[in-house]
Amino acid sequence: MADGTYDVIVLGSGTGGYAAALRSAELGKKVAIVEKDDRLGGTCLLRGCIPSKALLESASVMDHVNRAEEWGIKASGEVDWPKVLETERHIVDKKVTGLTGLIKARKIEVIKGTGKLVEGPGVEVDGRTFTAPDVVLATGSFPRLLPGLEVSDRILTSDQALVREQLPRSVVIIGAGAIGMEFATIYRSFGARTTVLEALPRIVPLEDEAISKEAARAFKKKGIDAFAGVKVTEVKGAGDGVEVTYQPEGKDAQTVSADVCLVAVGRGPNSQGLGYEEAGIELDRNYVKVNGQLQTSAPHVWAVGDVAATPLQLAHSSFLEGIAVAERIAGQDVPEIDYAGVPRVTFSSPEISSVGLTEAQASERGHDVQTSTFNFQVLAKANIVGEGGIVKVVVEKDGGPVLGVHMIGPHVTELVEAASLMYNWEATPADIAAIIAPHPTLSEALGESFLALAGKPLHSM
Ligand code: NAD
């Protein structure tokens with residue numbers, strides 16, 4: 001369809017964009033996606049969630065091999081990094097093929113090229129203008145660097161780290177958010193000397209304080225040097241590697257050398273040079289400003305995913321946004337997203353997940369808070385899988401609903417789905433305690449937490 005007219009044009013084929021496109025097509029709309037990359041899928045599929053989880057799976061196998069004797073198995077192994085990368089690529093290729101097929105099956109047109117928003121609304125691609133009653137901006141984000149730094153063979157962002165042909169023997173990671181924690185896990189599992197430097201006073205600073213504490217302990221046990229509350233003052237090349245200087249508060253500056261430095265200090269929005277401002281789109285620190293309905297300041301232009309000024313930059317929050325926008329375009333009445341109800345996951349070892357409010361946030365918002373902390377070590381299944389951790393539950397005092405669930409430990413990125421239902425359905429400890437978790441499973445950590453809160457702890461005191 002050349003210079004065609006569509007019902008909906010989506011700019012960008014990442015998770016937010018393809019969710020909006022797929023749902024719009026399901027609702028009977030004629031949809032086009034504009035994509036400049038050779039392949040569909042955006043950051044999450046091509047250079048984010050999926051390849052990193054593939055590397056983390058290889059890292060976890062390495063950990064199991066190294067610990068095999070604990071389960072009565074004599075084994076030894078070493079990493080074959082090119083093969084690890086091949087496995088990663090194979091998984092990404094498979095999912096790209098799947099997504100491309102799905103887009104085709106829903107009869108969504110893919111327009112290859114760099115799209116520019118124009119008033120109308122419409123999208124201009126290589127001199128051709130496509131118009132539609134509704135346009136969805138889903139142009140995603142890029143990894144930020146620190147001022148003065150440039151990517152090189154020694155200074156990396158996650159984009160380079162995911163495809164780097166050599167496995168470093170030592171690494172300094174700047175930032176202990178999701179990306180920093182996940183790469184620290186990967187590199188340490190493959191034997192690299194790993195240092196993590198975080199500016200805020202604790203690692204995983206957005207999580208409940210109890211989780212940060214537990215994560216710091218677990219990283220220490222794994223042999224990761226993680227320093228929080230430090231200011232990175234210099235990153236410079238030295239020999240074949242890098243030297244990173246940092247200043248712990250109130251102490252002398254320290255310098256650490258490594259093969260590479262991975263910068264994981266957050267992601268910035270892809271909103272420049274795309275005609276946004278010229279087409280009347282208001283930006284806030286370069287993010288596209290949206291209202292609760294995800295409408296931008298220009299009529300019939302919507303924004304989803306990392307480029308939108310919403311509280312979360314997560315693949316699955318962008319799914320929710322893309323679906324909501326498609327449904328609103330189709331005339332459906334869709335409630336605003338409660339971002340606190342979107343589960344957060346970090347695939348470090350141990351894994352971290354949470355949903356709802358931290359204890360501090362709940363107190364700040366005026367809730368009369370009660371908490372309960374359950375230790376995974378109490379559970380037979382946790383002993384069998386050989387991992388510990390905690391579940392911390394925050395509820396409204398005296399039988400009120402769940403306000404937040406915070407977990408660190410084995411497979412908690414899976415367990416959080418149940419916690420998410422509890423939070424989003426405003427369940428109370430009594431509701432949950434009446435439902436028993438299967439035994440012996442890790443899911444008992446959640447069940448037991450609520451048994452305790454309901455005043456009838458089973459295996460804990
Ligand atoms: P982030 O915002 O999660 O973490 C960045 C960390 O770097 C923060 O803790 C911040 O305090 C710290 N930092 C910033 N400047 C610093 C400095 N100068 N020195 C030391 N520390 C500094 O960002 P990210 O980890 O880069 O991830 C980017 C985005 O992608 C986030 O929104 C993240 O949630 C998302 N993501 C999610 C997952 C997942 O859900 N598992 C995985 C990867 C990325």
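Structure data summary
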read-out	value
For region 155-265, share of DSSP beta bridges that run antiparallel, in % to the nearest 5	45
Per residue accessible area in Å² of the chain, where ligands, DNA and RNA are left out and the probe is 1.4 Å	46
DSSP-loop trypsin sites (Lys or Arg not before Pro) across region 282-358, with at most 16 other Cβ within 10 angstrom	ARG285, LYS289
Region 256-350: projected area of the alpha-carbon convex hull, averaged over directions, in nm²	9.0
Amide H within-cut-off set for ILE337, under 5 Å, with H built and near neighbours excluded	none
Loop sites in region 7-64: trypsin sites (Lys or Arg not before Pro), DSSP, at most 14 other Cβ within 10 Å	LYS36
Orientation-averaged projected area, Cα convex hull of the chain (nm²)	24.2
Integer Hz, Karplus 6.51/-1.76/1.60 couplings in order for region 155-160, x for Gly and Pro	10, 10, 10, 4, 4, 7
Rounded if a/c under 1.5, otherwise prolate or oblate - region 155-265, Cα gyration tensor axes	oblate
Between region 199-233 and region 91-162, the Cα center-to-center distance that results, in Å	33
Antiparallel bridge percentage (DSSP; both residues within the chain; nearest 5)	60
Shape call, region 319-398: gyration tensor on alpha carbons, a/c limit 1.5	oblate
Debye-sum result for region 230-272 in log10 I(q)/I(0), which assumes one identical scatterer on each alpha carbon, at q = 0.27, 0.29 Å⁻¹	-0.93, -1.00
Sulfur and carbon atoms: percent of accessible area, the chain [1.4 Å]	51
Mean projected area in nm² (Cα convex hull; one quarter of hull surface) for region 350-453	5.6
Alpha-carbon centroids, region 359-373 and region 262-305: separation in whole Å	33
Global geometry of region 1-154, whether rounded, prolate or oblate, following the gyration tensor of its Cα atoms and the 1.5 cut on a/c	prolate
Theoretical ellipticity at 222 nm over the chain - DSSP helices of four or more residues, -39500 (n - 2.57) apiece, nearest 500	-9500 deg cm²/dmol
By average C-beta atoms within 10 angstrom, highest first, the peptides 62-69, 171-178, 114-121	171-178, 114-121, 62-69
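The values are calculated or read from the model by the stated rules, or taken from the named source; none is laboratory data. Since the structure is predicted, the reported quantities are computational estimates derived from the model, not experimental observations. Please note: Cβ atoms are built from the backbone with ideal geometry, for glycine as well, and neighbour counts cover all protein chains shown. Note: accessible area is taken over every heavy atom of the protein model, side chains too, but ligands, DNA and RNA are not part of it. Shrake-Rupley method; radii C 1.70, N 1.55, O 1.52, S 1.80 Å.
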